Amino acid sequence: MDGKKILIVDDEPDVAAYLAAFLKDNGFVVRTAADGRMGMEQVRAERPDLITLDINMPEESGVRMYRHLQEDSDLKDIPVFIVTGISSNFKGFIETRRQVSPPVGYFEKPIDRVQLLAKAKEVLMK
Amino acid sequence: MSPKILDPLLKRELFNMLPFGVVAIDREMRLVTANPYFEKRFGAWHGKRCHEVFKGLPEPCSNCQARLTFADGIPRISDETGLDRQGLNCYFIVHVAPLRGESGNVEYVVEMITDVTETRLRQREYNLLFERVPCFITVIDSQYKILRANERFRQTFGESTGKSCFQAYKNRSEPCQDCPAEQTFSDGLERVVTQTGIAKDGSETDYVVTTAPLRRGSGEVMHVIEISADITQVKRLEREMLEAERLAAVGQTVAGLAHTIKNLLMGLEGGMYMLDSGLRKGDAERLAEGWEVLQRNFEKTVVLVKDFLSFSKGRAPDLKLVNPNRLAREVVELYNDAAARQGVKLTVEAGPMVKRALLDRDGLEACLTNLVSNAIDAAMTRDDSGAQVIVRTREEGEALIFEVEDNGCGMDWEVRQKVFTTFFTTKSDRGTGLGLLTTRKIVQEHGGSMEVDSDPGTGSRFRIRLPRPRLKMVAEQIAREAKKSPSDIK
């Protein structure tokens, strides 16, 4: 996994710091962004291999950022994990949108970090 | 024409000119003469008998008045129902008078027939309307005694004729305060007011009553007619809607609370992870960071719990008559220094016509405080020195309006959708996102609503709209709840 780059998009600085510390400890290169707009800038500049995306954020929400990613043919293949405090029926919602393909991972806060790590490894091995 | 000629002429012609029927009958009940009006109304009569022409009956009527007059020579009046020349039912009043011959015997009887069909039909329609209209109708005299009550009234409030109005409607032993009927009796003008009565089964009945004067010409009002529309169902629906709005606010709050708690938990877990991994690695910097994260999330939890307690506290507003303009000025005074320090100009534009209102003073103060402090935060985001916040009050239609306007950063559509719906905050370092929710909850408890206009870059305008009729309803509901469970309310 060494050198694989993960972008964490979350407006809660402590959540972002937690995920960053944990993923760094597991050998990833980590970038963070506090909302969807900054997230898109980072995606274009840094070309991450994986994105973890919060849904409820000020400025630009995770839903909008996800759609922007899907609409860009250059970016739509970057795998996205949704990491959110919104209840599980949101999972059903985003997975049934016809306009966008479902995210590859879905984690509800507070996350199970072992599972998140396992899923990240699985996705990045492909 | 001289009166000498006129007199016999009139006597001769009158028979033909009368606007009612006149016939003479003999002892055999045969018509011997009839005037043109009669013939027009009842058709051919020559050689026929009275009961044949009037009623199409082969035999004399059992209660024949003419026979009695033939026998005793005394005039009579009777109410009759018959058939006209088209065979339609008609109603008439018959004056029966004896015509004596030279011997002094009654030789003929004259019947004078006044047609009252139109009047009767109209009376019947009126009666039907009075009884069956889906309203309560009572006619009362100046002593509030009920002279007449319609069917709907009797069904709901019981037999009431002879009772007084306040007794029948409300089970009171004395006239109501601000009795609209009393006012109508004194000045002859109609009144419309909303009242709550007590039905015969003991249930509360809400109605809108119109009191209308009944008088002859321009004389004094003899009677007042009270016409009431039953609005119990409407009131019930309105109360349920108020309750539903309150519950909806609670539901949204709980959903938002869950989200906030999840973030806090994740923050705490993050802190623990950093402490744990920091200890393992002997990484002092990470230890310090983890400790900080733990502290920060602990603080946030404390603030959240406090806010939430204040949010969930006191369901029923404590209503007092409050001067909205004074309240607005007091809140602005409270924030004057803070605003000035941040370079924000804070002013009040108090509406000149704003009347006092029944409000929970502390609750509304919390709302305005919250909106003003938000507005100052927003106005501070301006780069130039023109930052300002204006607090306005005004009456708009039947509603009291508080408005807080800033010329700060404004909000885009997405943010505007969320400001009232969850524990939403754009101030992620401070604030729990409960402020506007609490504000909206208090406003909803007053039966009011919140509105927001905003554009990115030009500022925001938050408005508290308090419809006065709903304020009154809330007050009534609180009074009712207090009556039902005095122990629940301190």
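The values are calculated or read from the model by the stated rules, or taken from the named source; none is laboratory data. All figures in this text were calculated on a predicted structure; none of them were measured in a lab. Positions of Cβ are generated from backbone atoms using ideal geometry, with glycine treated the same way; all protein chains shown enter the neighbour counts. We work out accessible area using only protein heavy atoms, side chains counted, and drop any ligands, DNA or RNA first. Shrake-Rupley method; radii C 1.70, N 1.55, O 1.52, S 1.80 Å.
Straight-distance candidates among the aspartates and glutamates for linking to A:Lys121, with alpha-carbon spacing under 16 Å and chain neighbours fewer than 8 residues away dropped: A:Asp2, A:Asp25, A:Asp49, A:Asp112.
Helix B:284-312 and the long axis of chain B differ in direction by around 20°, with both axes built from C-alpha atoms. Peptides B:282-294, B:370-382, B:71-83, B:119-131 ranked from most to least packed by the mean count of surrounding Cβ atoms within 10 Å: B:370-382, B:282-294, B:71-83, B:119-131. Counting only other chain Cβ atoms within 10 Å of each residue's Cβ, the peptide A:108-117 averages 3.
Restricting to Cα pairs below 8 Å that are 6+ residues apart, what does the relative contact order work out to for region B:3-117? Please round to a whole percent.
On the way: 213 pairs, mean separation 27.1, N = 115.
Relative contact order here is 24 percent.
Quick one: net charge of B:Val404's neighbours, Cβ under 10 Å, K/R +1, D/E -1?
Details: positive: B:Arg392, B:Arg461, B:Arg463; negative: B:Glu403, B:Glu405, B:Asp406.
That works out to 0.
I'd like to know how chain B sits against the 2.2 N^0.38 Å rule of thumb: what's its Cα Rg over that expected value?
Values: Rg = 41.1 Å, N = 490, 2.2 N^0.38 = 23.2 Å.
Its radius of gyration relative to the 2.2 N^0.38 Å reference: 1.78.
Highest-first packing order for the peptide set A:73-82, B:440-449 is B:440-449, A:73-82, based on the mean count of other beta carbon atoms within 10 Å. Going 7 Å from the Cα of B:Thr381 toward and past its Cβ, which residues in region A:16-35 have a backbone nitrogen under 18 Å from where you end up? It comes to A:34-35, nothing else.
With the other protein chains left in place, how much accessible area per residue, in square angstrom, belongs to chain B at a 1.4 angstrom probe? Intermediate results must be reported in sequence, preceding the final value.
Working: 27100 Å² over 490 residues.
Ligands and nucleic acids excluded, the result is 55 Å² per residue.
Rounded to the nearest 10 degrees, the angle from helix B:468-484 to the longest Cα principal axis of chain B is 90 degrees.
Can you give the FRET efficiency for B:Glu292 and A:Ser73, using 1/(1 + (r/R0)^6), R0 = 41 Å, r = Cβ-Cβ distance, to the nearest 0.05? That gives a FRET efficiency of 0.45. For the residues of A:4-15, the average number of beta carbons from a partner chain within 10 Å of their own beta carbon is 4. With K and R counted +1 and D and E -1, the other residues having a Cβ less than 15 Å from that of A:Lys126 yield a net charge of 0.
Expressed in nm to one decimal, what extension gain is obtained for the pair B:Ser2 and B:Arg132 from 0.36 nm per residue of sequence separation less their Cα-Cα distance? Present the calculation step by step, with values, prior to reporting the outcome.
Values: separation 130, 0.36 × 130 = 46.80 nm, distance 5.82 nm.
Contour length minus the Cα-Cα distance gives 41.0 nm.
Here the spin labels are modelled as points 7 Å beyond Cα on the Cα-Cβ line, and at A:Glu41 and B:Lys483 they lie 6.4 nm apart. Length, then width, then depth: along the principal axes, the Cα atoms of region B:234-313 run 71, 17, 10 Å.
Amide H to amide H, with H built 1.01 Å from N, B:Thr381 comes under 5 Å of B:Cys409, counting only residues 5 or more places away or on other chains.
Counting only the backbone N, which residues of region B:118-150 are under 17 Å from the spot 7 Å out from the Cα of B:Asn89 toward its beta-carbon? It comes to B:118-129, nothing else. Run down the lysines and flag those whose C-alpha is under 16 Å from the C-alpha of B:Lys170, throwing out any fewer than 8 positions away in its chain. Partners found: B:Lys145, B:Lys200. Taken across both chains, chains A and B shield about 2300 Å² of accessible surface from a 1.4 Å probe. Between helix B:117-132 and chain B, what is the angle of the helix's C-alpha long axis to the longest principal axis, kept within 0 to 90° and rounded to the nearest 10? Tilt relative to chain B: about 30 degrees.
Global size of region A:5-125: 13.0, 37 Å for Rg and Dmax (C-alpha atoms, Rg to one decimal, Dmax whole). Considering helices alone, the calculated mean residue ellipticity of chain B at 222 nm is -15000 deg cm²/dmol, with DSSP H runs of length four and up weighted by -39500 (n - 2.57) and normalised per residue. Counting only protein heavy atoms and a 1.4 Å probe, region A:17-67 has 37 square angstrom of accessible area per residue.
How shielded is B:257-263 by partner chains, expressed as the average number of their Cβ atoms within 10 Å of its Cβ atoms? Kindly include the intermediate steps, with their values, before the conclusion.
Details: counts 0, 3, 7, 2, 3, 9, 11.
The mean count of partner-chain Cβ atoms within 10 Å per residue comes to 5.
Between the C-alpha center of region A:1-65 and that of region B:34-103 there is a gap of 108 Å. For chain B, DSSP calls about 95 percent of its internal beta bridges antiparallel. Backbone phi angles across region B:399-405, fed through the Karplus curve with coefficients 6.51, -1.76 and 1.60 (θ = phi - 60°), yield HN-Hα couplings of 10, 8, 10, 10, 9, 10, 10 Hz in residue order; Gly and Pro are listed as x.
Using a 10 Å cut-off on Cβ atoms, rank the peptides A:44-56, B:139-151 from the highest mean neighbour count down. Before the final figure, lay out each step's value.
Numbers: A:44-56: 20.2, B:139-151: 17.3.
So the peptides A:44-56, B:139-151, ranked by packing, come out A:44-56, B:139-151.
Accessible surface of the protein assembly as shown, 1.4 Å probe: 53 percent of it comes from carbon and sulfur atoms. Shape class of region B:83-154 from the alpha-carbon gyration tensor: oblate, with a/c at 1.5 or above and b/c at least as large as a/b.
Output the antiparallel fraction of DSSP beta bridges having both residues in the protein assembly as shown, as a percent to the nearest 5. Provide the component values of the computation, followed by the final result.
Values: 79 of 101 bridges.
Beta bridges within the protein assembly as shown, antiparallel portion: roughly 80 percent.
Excluding same-chain neighbours fewer than eight residues apart, the lysines reachable from B:Lys48 by a Cα-Cα span under 24 Å are B:Lys40.
Rounded, prolate or oblate: which one fits region B:3-117, using the alpha carbon gyration tensor with axes a ≥ b ≥ c (rounded when a/c is under 1.5, else prolate when a/b beats b/c, else oblate)? Since a/c reaches 1.5 but b/c is at least a/b, the shape of region B:3-117 is classed as oblate.
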